Amino acid sequence: MSATRTGRVRFSIVAMLFMVTAVTFADRSSMSIAGAALQADLGIDALTLGYIFSAFGWAYVVAQIPGGWLFDRFDVKRVYGIALLCWSALTFAQGFVGFLPVAWTVACLFLLRVAVGLAAAPCFPGNARIIAAWFPSSERATATAVSGSAQYCSTALFAPLMGWVVQAFGWQQVFIVLGCFGFALCFLWARTIHSPRLHPRIGAAEFAHIERGGGLLDLTPLPATGKPQQRGHLWQLLSQRTLLGIYAGQYLSNATTYFLLTWFPVYLVQERGMTLMAAGFATVVPAISGFAGSLSGGMLSDRLVRHGHSLTLARKLPIVTGMCLSACIGLCVFVDSDAAVLALMGLAFFGKGFGTLGWTLVADTSPRQIVGLSGGLFNSFGNLAAITTPIIVGYLVSRSGSFDLALGFVAANSLLAVLCYLLVVGRIQRIELKD
């Protein structure tokens, strides 16, 4: 059934998710654009900068399971809206740490980045829960790819802007600008997001289309079988080989993402000799490539489902192909020209985007009653890379004086992700919650 005949309200929902995700990724990557100027201004070394980069990840990982549980326990729209307001306010506050003594500036930046990580934790579990409610299985990968592609589009849109702001006004002003973007989205969120059952503009045809295709239809908590026991639910999720493989694969593949969000602009400035402005614009190349790859992988996966192929083939084929391409990032150590480096980075991030179907797998396989909890656990595993990647890269750069070992480390993670999806993740099907 065509989108015109069924209605288009669900596309406005995924557009809202795209905008919010783009802003939250701009918030978390803002430190990477400001990093080189901040390092020079404060006189800190690469390892210290790596710890500041990782501050977001520490809190983000810790808060994932509680954040996912909140979506299973309370209204998704309200929890997500409060989180959006909080992380925008905390980002805005980072713009004023420059008024403090230098010793306090580093500590306050670290603590504020920790707080932003806590507030932003519900973003992706919330996206998965909303998409599971609004989209049938045959459209879910594309919807997830659109919302997930915001992480790349965010860099393409905001990196040049943030590079210009840093160069023209100083690194502190980046956080004030991004905080204002977040405040504006809070108003749009309240007006746009509703469940399919309660949306004032949804038609009967679109509602029936979502219901027939396996959409969950509600953003309020779904009833669980028996008494809800979070500890028992966690054990059920962690005892499933397929889910463990999905969680581990997300961690391994995220090394590429967090290299882009933290060290990539610093790499361009310090290793390739670019200016801050040039690095901001150069970051657009892998970002646009990742955006194109994400949409292509999602559409291919849904197309395979509509043509009768198994869900297992439709989800795994783009992931494995994409992770193989993502490993091309390691070839950057063998080329000299900036153009060749950007071409390889573009190919690597196209592959990373092409294989970004982890959240689709969560929506496809998680028990219906605890999609939020499963999403939180999935993001906890995946965003351990937000902690380990910045620190390991900072350590390797400090010890070796170059980024060669760091790029090899990122490439190796992509190849290990391929093995994880091929050898650990089994058949893709929904797991039923036991009493």
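For the reader, a short list of remarks on this structure follows.
- Only one of the numbered conditions (1) surrounded by 24 or more Cβ atoms within 10 Å (Cβ to Cβ); (2) in contact with a Cys (Cβ under 8 Å, 6 or more places away or on another chain) is violated by F350, and that is (2).
- L396 being open to solvent by 10 Å² or more (accessible area, probe 1.4 Å), within 22 Å of the chain's Cα centre (by Cα) and free of Cβ contacts under 8 Å to residues at least 40 places away in the same chain: no
- Within the stretch 182-203, tally of residues that are open to solvent by 60 Å² or more (accessible area, probe 1.4 Å) and of a type outside the set (A, V, I, L, M, F, W, C): 4
- Restricting S380, S337, S402 to residues that are farther than 26 Å from C153 by Cβ, of a type in the set (S, T, N, Q) and either touching a residue at least 12 places away in the same chain (Cβ under 8 Å) or open to solvent by less than 30 Å² (accessible area, probe 1.4 Å) (or both) narrows the list to S402.
- Scanning the stretch 142-162 for residues that are touching a Leu at 6+ places or on another chain (Cβ under 6 Å) and either surrounded by fewer than 24 Cβ atoms within 10 Å (Cβ to Cβ) or farther than 23 Å from S54 by Cα (or both) gives A145, S147.
- Of all residues in the stretch 399-435 being of a type in the set (S, T, Y) and part of a helix (DSSP H, G or I), the one that is nearest to the chain's Cα centre (by Cα): S414
- Filtered residues of the stretch 146-156 (kept if modelled with pLDDT under 80, over 18 Å from T91 (Cα atoms) and part of a helix (DSSP H, G or I)): G148, Y152, C153, A156
- Residue selected from the stretch 281-328 under the condition within 20 Å of G426 (Cβ to Cβ) and among the hydroxyl-bearing types (S, T, Y), by the criterion surrounded by the most Cβ atoms within 10 Å (Cβ to Cβ): S301
- Some residue of the stretch 257-274 being hydroxyl-bearing (S, T, Y), open to solvent by 50 Å² or more (accessible area, probe 1.4 Å) and part of a helix (DSSP H, G or I): no
- Pair list, Cβ < 8 Å and 6+ apart or interchain, from the stretch 158-182 residues that are free of Cβ contacts under 8 Å to residues at least 12 places away in the same chain to residues that are crowded, with 18+ Cβ neighbours inside 10 Å and among the small types (G, A, S): none
- Restricted to helices (runs of 4 or more DSSP H) entirely inside the stretch 1-96, those with at least 3 residues that are under 16 Å from G179 (Cα atoms) and at pLDDT 85 or above are 9-42, 76-93.
- Positions within the stretch 170-213 being outside any loop (DSSP other than H, G, I, E, B) and modelled with pLDDT under 80, in sequence order: Q172
The values are calculated or read from the model by the stated rules, or taken from the named source; none is laboratory data. In this text, all values refer to a predicted model and were calculated from it rather than measured experimentally. Counting neighbours? That spans all protein chains shown, and the Cβs are built from the backbone with ideal geometry, glycine included. Surface accessibility is based on the protein's heavy atoms, side chains included, excluding ligands, DNA and RNA. Shrake-Rupley method; radii C 1.70, N 1.55, O 1.52, S 1.80 Å.
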